[in-house]
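Please read the structure below before turning to the comments.
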């Protein structure tokens, strides 16, 4: 039996290393790959805002500077920023609503913010901040290229009903995966799969299809997401390992 990870490769590898320590067999099937863009950063800004690990990785590739003040949406992205050498990093430790509130409460409206992001967004953060009277510009640092078909191995796992759990960290990965499963005529083979979702928005996308269960994380963090597995397995009396020190 395998647990399926659908997020981009680098993020999936990090999650896989945690899961394997606790005895889980993991199959990585990224739903899109990241293409970094050669973008020139604006010079007239005070603070960088990031809502994804991909934007931080992209930033590290186009700039050698590591003293930018950076605000991240969550602790996982903050950790990656620090691993890449960025020293002045703060985290809103939540979702985009928490991020907006954090900026309003901790920073002067006289400051200029630079939102680093990918081409595709699920939420217009620039507009939301501008509506709050905050000056913000955007820098598009990467684009996502969607997977067009499932790998042979993933199809074989699904056909053999070996994928019993699948983790979805974004609405986009959920949409792509479900569409590819449908395209491969394998929808019947996710009926015995429990889907773990990081947010209600992701769950809404998953709910269009028949799963054994859909479990939604209480918080939009990897730690909360993985501990959903623990709580659910305890409820169903399945063997379980408790995750600790995930962030």
For region 144-183: rounded, prolate or oblate by the Cα gyration tensor [a/c cutoff 1.5]:
oblate
Can you tell me the 0 to 90 degree angle between the C-alpha axis of helix 9-21 and the longest principal axis of the chain, rounded to 10?
60 degrees
Prolate/oblate/rounded call for region 182-239, Cα gyration tensor, a/c under 1.5 rounded:
oblate
Round to the nearest 10 and give me the degree value, 0 to 90, for the angle of helix 53-62's Cα axis relative to the longest principal axis of the chain.
50 degrees
Dividing the helical contributions, -39500 (n - 2.57) per DSSP H run of n ≥ 4, by the residues of the chain yields a 222 nm value, nearest 500 deg cm²/dmol, of -11000 deg cm²/dmol
Scoring region 34-145 by relative contact order with C-alpha pairs under 8 Å, at least six apart, yields a percentage of 34 percent
Plugging the Cβ-Cβ distance of residue 106 and residue 9 into 1/(1 + (r/R0)^6) at R0 = 30 Å yields, to the nearest 0.05, a FRET efficiency of 0.35
Hull surface over four for the Cα convex hull of region 1-97, reported in nm², is 7.4 nm²
Of 50, 179, 197, which has the largest mean-square fluctuation in a 10 Å C-alpha GNM of the chain?
179
From a point 7 Å beyond the Cα of residue 213 in the direction of its Cβ, which residues of region 168-201 have a backbone N at a distance under 16 Å?
168, 191-198
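Seen from all sides and averaged, what is the projected area of the convex hull of the Cα atoms in region 34-145, in nm²? Mind showing how you got there, number by number?
Details: hull surface 25.1 nm².
Result: a mean projected hull area of 6.3 nm².
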Only bridges whose two residues both fall in region 34-145 count here: according to DSSP, what percent of them are antiparallel, nearest 5?
15 percent
Using alpha-carbon positions, what is the distance between the centroids of region 1-19 and region 56-118, in Å?
24 Å
Give me the distance between the Cα centres of region 133-156 and region 185-224, rounded to whole Å.
19 Å
If one takes the longest principal axis of the Cα atoms in the chain, at what angle in degrees, from 0 to 90 and to the nearest 10, does the Cα axis of helix 96-106 lie?
30 degrees
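Every read-out reported here was derived from the displayed coordinates using simple, explicitly stated rules and does not represent laboratory data. None of these values were measured; they are calculated from a predicted model. Neighbour counts are summed over all protein chains in view; Cβ atoms, including those assigned to glycine, are modelled from backbone coordinates with ideal geometry.
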